[in-house]
Amino acid sequence: MKIKLFALLIAVVTMVSCGGDDKEKHNSTAANGNVYYGDVLRLNEVEDFRSLFPLSVTDVISHRIANQVYEGLVKLSQKDLSIQPGLAESWEISDSAKKFVFHIRKGVKFHDDEAFPNGQGREVTAQDIKYCFDKMCSNLPENQASTFFQNKVIGAKEYYQSTTEKKPLPGGVSGIKVIDDYTLEIDLVYPFSGFLNLLTTAYGWIYPKEAFDKYGIEMRVKAVGTGAFKVKNIKEGLGVVLEKNPNYWRSDVHGNKLPYLDAIKWTFIKEKKSELLEFKNGNIDMVYQLPLEMIKDVTSELENAKKENIPFVLQNTPAQTVYYLGFQHQSKLFSNKLVRQAFNYAIDRNSIVIYTLQGEGVPGNYGIVPPAYKNYDVSKLKGYEFNPEKARKLLAEAGYANGKGFPSLTLQINSGGGDRNIQTAEVVQKMLKENLNIDVKFNVMPLAQHIEALESGKSEFWRLGWIADYPDPENFLNILYGANVPADPKANSFVNPVRYKSEKFDSLFLAGLKETDEAKRNALFLQAEQVAIDDAAIMPIFYDENTRLLQVFVKNFDVNAMEYRDLSEVYIDPVLKEKKK
């Protein structure tokens with residue numbers, strides 16, 4: 001194992017170093033406001049990315065990389081997750097949130113790329129936004145966002161159907177209108193106050209038609225956007241290097257052109273313990289989520305450190321993340337609500353968090369929405385307490401008294417995420433055996449194959465985490481919305497992989513979408529969520545916390561509830577970095 005890890009690290013270093021020493025090739029220079037230009041931010045992921053193409057981004061690793069390359073009309077603040085101007089410098093909302101008019105920023109250019117004449121990126125216009133949004137509403141194999149605008153934007157559903165029939169409607173989606181080169185209008189079917197949130201997601205990122213025409217599905221690695229960084233080198237499974245975009249349009253509050261960093265480098269070391277070792281050796285600048293058995297050691301090290309010689313920074317915040325077990329509702333076994341309810345009562349979530357996760361998280365005793373929203377009171381929901389007697393009674397009612405006759409069951413989990421994945425799954429396995437006499441086996445696979453299997457309906461029972469795409473409870477409830485389940489049972493269900501359908505849930509959820517008063521909106525969402533809880537639509541296990549270790553010399557890298565990363569204003573303090581040595 002050590003030999004393999006060493007070989008991997010050598011391969012990564014060779015790939016990303018470009019033949020020279022980072023310190024020599026990336027000298028730091030001071031800028032206004034006590035910030036610094038230069039140097040390289042070194043990050044690691046324990047899973048590989050799936051695709052960097054905006055319409056195919058469904059996993060957090062792909063998002064964390066591609067979010068540095070692409071931009072949309074609006075974006076989120078890394079500091080507080082508020083909505084900020086992006087390619088749109090301003091906008092107006094009228095007709096009670098049914099009409100949105102965006103004013104496109106002038107002078108923003110796509111990255112230089114071979115897709116353009118002479119390899120020089122051209123200016124972004126409203127036509128580019130229209131092109132990308134029409135593409136989002138098209139029936140394409142690589143498009144996992146086809147339901148995103150449907151039933152929300154006028155003409156989106158009709159345009160999708162026309163592309164399905166291979167007869168695209170002239171003019172694209174009728175509700176998306178180019179007024180002039182720098183003005184775009186979007187008209188909605190109903191008032192939707194959360195529409196700007198949708199535009200902050202990967203599906204709202206803008207790319208040039210030239211790139212799609214040239215690269216097609218290869219845009220999963222041939223990323224061409226307008227962001228602060230552009231792709232320099234990608235070696236899948238080994239490393240990704242993004243370099244500074246010299247033509248980036250943004251400046252900071254002191255007038256410094258962004259970004260500060262020369263480059264960002266990702267490695268893909270799969271073992272969390274090895275990742276932490278690389279961090280302590282100074283080869284990685286940040287570790288996200290700690291190995292469970294090392295949490296106490298890290299905390300103790302910080303507490304014992306002298307103030308003038310802190311070894312690293314510990315960042316922590318409640319997360320807009322839920323980890324749950326999913327049921328395939330269209331399977332014979334889990335179409336039975338009694339079985340799903342029995343499973344939910346058979347699990348002691350408090351013990352899982354206290355003893356298995358070392359207190360890192362909140363027991364999933366509510367529903368799918370984590371308790372991380374100020375104005376969404378999950379305490380009003382009635383979830384599942386640990387009640388093995390009731391669980392056994394429900395399983396008997398379902399026809400499986402004491403587990404007799406219950407079919408062989410496999411719990412599918414992904415290989416990343418460190419020991420938390422395996423340990424949590426092992427505890428669930430033990431509890432289902434002890435409390436329901438059900439035998440559960442594991443099937444561990446890489447994240448990309450894991451997601452493909454559950455989205456395609458090939459998996460019956462699995463573990464998954466959902467991290468908010470945008471800071472709104474609606475984003476969590478949307479993955480249970482019946483309209484997101486394809487009519488064809490053999491088609492991939494990207495947004496609602498459990499394929500849960502409930503007319504009552506859908507009615508309340510849709511009413512909440514149309515409500516512009518926040519208090520009334522959240523009240524409807526809570527009612528909808530209670531319906532899903534009563535149906536045991538999923539099996540929440542715990543709500544996470546975002547914990548990071550950060551090198552002391554890395555600045556402006558704020559932690560937030562979504563683990564949303566915008567690295568355009570991150571910089572390396574060379575003075576502190578030298579002291580760390």
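Applying a threshold of 9 Å to beta carbon distances and a minimum spacing of six or more residues, or different chains, the list of pairs starting in the range 100-125 at a residue that is not assigned by TED's automatic domain parsing to the domain that holds Ser90 and ending at one that is in a loop (DSSP other than H, G, I, E, B) and at pLDDT below 95 is empty.
Of all residues in the range 431-463, those being in a helix (DSSP H, G or I), acidic (Asp, Glu) and over 24 Å from Leu199 (Cα atoms) number 2.
For the range 464-475, the criterion of a residue being assigned to a loop (DSSP other than H, G, I, E, B), of a type in the set (A, V, I, L, M) and within 18 Å of the chain's Cα centre (by Cα) is satisfied by at least one position. Would you confirm, using the coordinates I've provided, whether Phe406 is assigned to a loop (DSSP other than H, G, I, E, B) and touching a Ser or Thr at 6+ places or on another chain (Cβ under 9 Å)? Against the criterion (assigned to a loop (DSSP other than H, G, I, E, B) and touching a Ser or Thr at 6+ places or on another chain (Cβ under 9 Å)), Phe406 does not qualify.
Can you name the residue in the range 130-158 that is touching a strand residue (DSSP E or B) at 6+ places or on another chain (Cβ under 6 Å) and under 24 Å from Asp213 (Cα atoms) and is also surrounded by the most Cβ atoms within 10 Å (Cβ to Cβ) among such residues? Applying the filter and picking the extreme gives Phe133.
Being surrounded by fewer than 21 Cβ atoms within 10 Å (Cβ to Cβ) and either touching a His at 6+ places or on another chain (Cβ under 6 Å) or at pLDDT 95 or above (or both) is the filter here; which residues of the range 428-442 pass it?
Quick first cut of the range 428-442, residues surrounded by fewer than 21 Cβ atoms within 10 Å (Cβ to Cβ) only: 429-430, 433-434, 437, 439-442.
Passing the criteria: Gln429, Lys430, Lys433, Glu434, Asn437, Asp439, Val440, Lys441.
Once the range 162-202 is narrowed to residues that are within 18 Å of Trp91 (Cα to Cα) and more than 28 Å from the chain's Cα centre (by Cα), the residue that is surrounded by the fewest Cβ atoms within 10 Å (Cβ to Cβ) is Asp180.
Quick grid of which residues meet (1) among the aliphatic types (A, V, I, L, M); (2) in contact (Cβ under 8 Å) with a residue 60 or more places away in the chain; (3) closer than 30 Å to Ile217 by Cβ:
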position: Val46; (1), (2), (3): yes, yes, yes
position: Pro54; (1), (2), (3): no, yes, yes
position: Gln68; (1), (2), (3): no, yes, yes
position: Leu87; (1), (2), (3): yes, yes, yes
position: Ser90; (1), (2), (3): no, no, no
position: Ala97; (1), (2), (3): yes, yes, no
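Which one of Tyr215, Tyr160, Tyr203, Tyr190 is in the same structural domain as Asp112 (by TED's automatic domain parsing), in contact with a helix residue (DSSP H, G or I) (Cβ under 6 Å, 6 or more places away or on another chain) and assigned to a helix (DSSP H, G or I)? Break it down into steps so the answer makes sense when it comes.
Values: Tyr215 fails: in contact with a helix residue (DSSP H, G or I) (Cβ under 6 Å, 6 or more places away or on another chain); Tyr160 fails: in contact with a helix residue (DSSP H, G or I) (Cβ under 6 Å, 6 or more places away or on another chain); Tyr190 fails: assigned to a helix (DSSP H, G or I).
Answer to the selection: Tyr203.
Taking the range 204-258 as the range and being touching a Lys or Arg at 6+ places or on another chain (Cβ under 9 Å), within 19 Å of Asn556 (Cα to Cα) and among the charged types (D, E, K, R) as the test, the residues that pass are Glu243, Lys244, Arg250, Lys257. Only one of the numbered conditions (1) surrounded by 16 or more Cβ atoms within 10 Å (Cβ to Cβ); (2) of a type in the set (A, V, I, L, M); (3) out of contact with any strand residue (DSSP E or B) (no Cβ under 6 Å at 6 or more places or on another chain); (4) at pLDDT below 95 is violated by Val339, and that is (4). One residue alone among Gln289, Gln341, Gln315, Gln358 is touching a residue at least 12 places away in the same chain (Cβ under 8 Å), closer than 30 Å to Phe505 by Cβ and under 29 Å from the mean Cα position of the chain (by Cα), and that residue is Gln341.
Residue-level check: of (1) of a type outside the set (Ser, Thr, Tyr); (2) surrounded by 22 or more Cβ atoms within 10 Å (Cβ to Cβ); (3) in contact with a Gly (Cβ under 6 Å, 6 or more places away or on another chain), Leu381 misses just (2).
The values are calculated or read from the model by the stated rules, or taken from the named source; none is laboratory data. What you see is a predicted model, and the numbers here were worked out from it, not measured in a lab. As a convention, Cβ positions derive from the backbone with ideal geometry for all residues, glycine included, and neighbour counts pool all protein chains shown.
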